[in-house]
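Notes follow once the structure below has been shown.
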Amino acid sequence: MYPEHSGHVPVERAVEVHQPTPITPTAVTPAPLVPVQPGSVPAVASVVLPDGRVVTGYAMNPVQPEPVAAKPPVSRAAVNVALGGVGFLAVCGGLLLLTTFITALTALITQLITLAAVIFGGWIAVQVFSAGGSGGNTFNIRKAVFKRNHFNG
């Protein structure tokens, strides 16, 4: 990381210093200022201060800002149309949400009915196809009894 130590003296380098040289304008003489006289001499005002000093000077008119352009009035019909449009959009949005809710509720009820039918149908299938301990679907024809043209099994 560091250079190894060597026994010789480092070489000094000559440093050149550059001084900036100012640029002198090439004989440009400014145009002489010509005083402009006002068209009319304003009136001189003198004011006596409470301590007795007199201050004399020219009266200056305050700077008047440019008048702001008046906004054109908005007609009541335009306001009513805009508010009616906002109300109409709100009602349409509410109806859209209502129909979406009804559609989702209908789909949920349909799925619940289908689920109940599947569960109930499965329960019935288990009852029909299972052997229920008492013989269930077997029938002994020899023990059957016929009475008055009716079969009692």
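May I ask you to list the residues in segment 40-68 that are part of a loop (DSSP other than H, G, I, E, B), modelled with pLDDT under 80 and either open to solvent by less than 90 Å² (accessible area, probe 1.4 Å) or among the β-branched types (V, I, T) (or both)? If you could, list the steps in order and put the result at the bottom.
Quick first cut of segment 40-68, residues part of a loop (DSSP other than H, G, I, E, B) only: 40-43, 49-53, 59-68.
Okay, now just the ones that are also modelled with pLDDT under 80, so 40-43, 59-63.
S40, V41, P42, A43, A59, V63 - these are the residues of segment 40-68 that are part of a loop (DSSP other than H, G, I, E, B), modelled with pLDDT under 80 and either open to solvent by less than 90 Å² (accessible area, probe 1.4 Å) or among the β-branched types (V, I, T) (or both).
For V91, indicate whether it is of a type in the set (V, I, T) and either open to solvent by 70 Å² or more (accessible area, probe 1.4 Å) or part of a loop (DSSP other than H, G, I, E, B) (or both). The answer is yes for V91.
The values are calculated or read from the model by the stated rules, or taken from the named source; none is laboratory data. These figures come from a predicted structure and were not determined experimentally. Surface areas here come from the heavy atoms of the whole protein model, side chains and all, with no ligands, DNA or RNA. Shrake-Rupley method; radii C 1.70, N 1.55, O 1.52, S 1.80 Å.
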